[in-house]
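A short worksheet on the structure shown next.
The values are calculated or read from the model by the stated rules, or taken from the named source; none is laboratory data. Every value quoted in this text rests on a predicted model; they were computed, and no experiment measured them. SASA here: full protein model, heavy atoms, side chains in, ligands and nucleic acids out. Shrake-Rupley method; radii C 1.70, N 1.55, O 1.52, S 1.80 Å.
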Amino acid sequence: MQLVVARIGRAHGIKGEVTVEVRTDEPELRLGPGARLATDPAANGPLTIETGRVHSGRLLLRFEGVRDRTAAEALRNTLLIADVDPAELPEDPEEFYDHQLIDLDVVLADGTEIGRITEISHLLSQDLFIVERPDGSEVMIPFVEEIVTEIDLEEQRAVITPPPGLIDDSQAVIVSSRDEEASEPGNDA
């Protein structure tokens, strides 16, 4: 099975290093020196990592055969793809690979069906489940402990306890700062 583990960013310096946007919880395992990665587009690879280091909070990689800024910049926006055994599990039992979560049924704690996970969107602050509902519409569910209370791989389901309005717009609670100001003592609005 192939998993996207990073996206190459801009060139760094003049000796062929590139910044990378890490898309794996295990960069030390997937992006270490000697790792040979497939690419998308395929014409840019495969690439073998020669060196890696962290600089100002960003991971910098240098690939075998990439020796200057021009060659490094040509790789910009290339996806790095690792071959992973489908039976392999993350070390932390509270972590999951995307392929384990795709196609899980999403249900409420009482068993009410919400839909099926079709995609995982990895954002800077959190991950989102993209869930296709039975009517074909989609809903985005933040993959946070307060909302996703259980992942049951044996039963192939994710149990959620959504806040009002996440699943059903008619239950949304709208709070306005104007309402708070008007209700404060001494404000005669």
- Task: Quick one: which residues, 5 or more positions from I114 or on another chain, have an amide H under 5 Å from its amide H? H modelled 1.01 Å from N in the peptide plane, none for Pro or chain starts.
- Result: V106, V107, L108
- Message: For mean projected area of the Cα convex hull in nm², one of (i) 20.3; (ii) 16.4; (iii) 14.9 was computed from the structure I shared and the rest are decoys. Which label?
- Response: (ii)
- region 1-126 - accessible surface per residue (Å², probe 1.4 Å): 57
- Message: 5 Å is the cut-off here: which amide hydrogens, built 1.01 Å from N in the peptide plane, fall below it relative to E50, excluding neighbours closer than 5 in sequence?
- Response: G34, R62, F63, E64
- Item | Karplus-derived 3J(HN,Hα), 6.51/-1.76/1.60, for each residue of region 138-154, Hz, glycine and proline x | 10, 9, 9, 10, x, 8, 10, 4, 5, 9, 8, 8, 7, 10, 10, 5, 5
- Task: Could you work out which residue, out of D83, D168, D98, moves most in a Gaussian network model of the chain, that is, has the largest mean-square fluctuation with Cα springs under 10 Å?
- Result: D168
- Item | GNM result for the chain, Cα springs below 10 Å: residue of L124, L60, L101 fluctuating most strongly | L124
- Task: Give the carbon-plus-sulfur fraction of the accessible surface of the chain in %, rounded to a whole number; probe 1.4 Å, heavy atoms of protein chains only.
- Result: 47
- Considering only the chain, percent of DSSP beta bridges that pair antiparallel, nearest 5: 90
- Message: Compute a Gaussian network model of the chain, connecting alpha carbons closer than 10 Å, and tell me which residue from I102, I81, I14 fluctuates the most.
- Response: I14
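Add -39500 (n - 2.57) for each DSSP H run of 4 or more in the chain, then divide by its residues: what number comes out at 222 nm, to the nearest 500 deg cm²/dmol?
-2000 deg cm²/dmol
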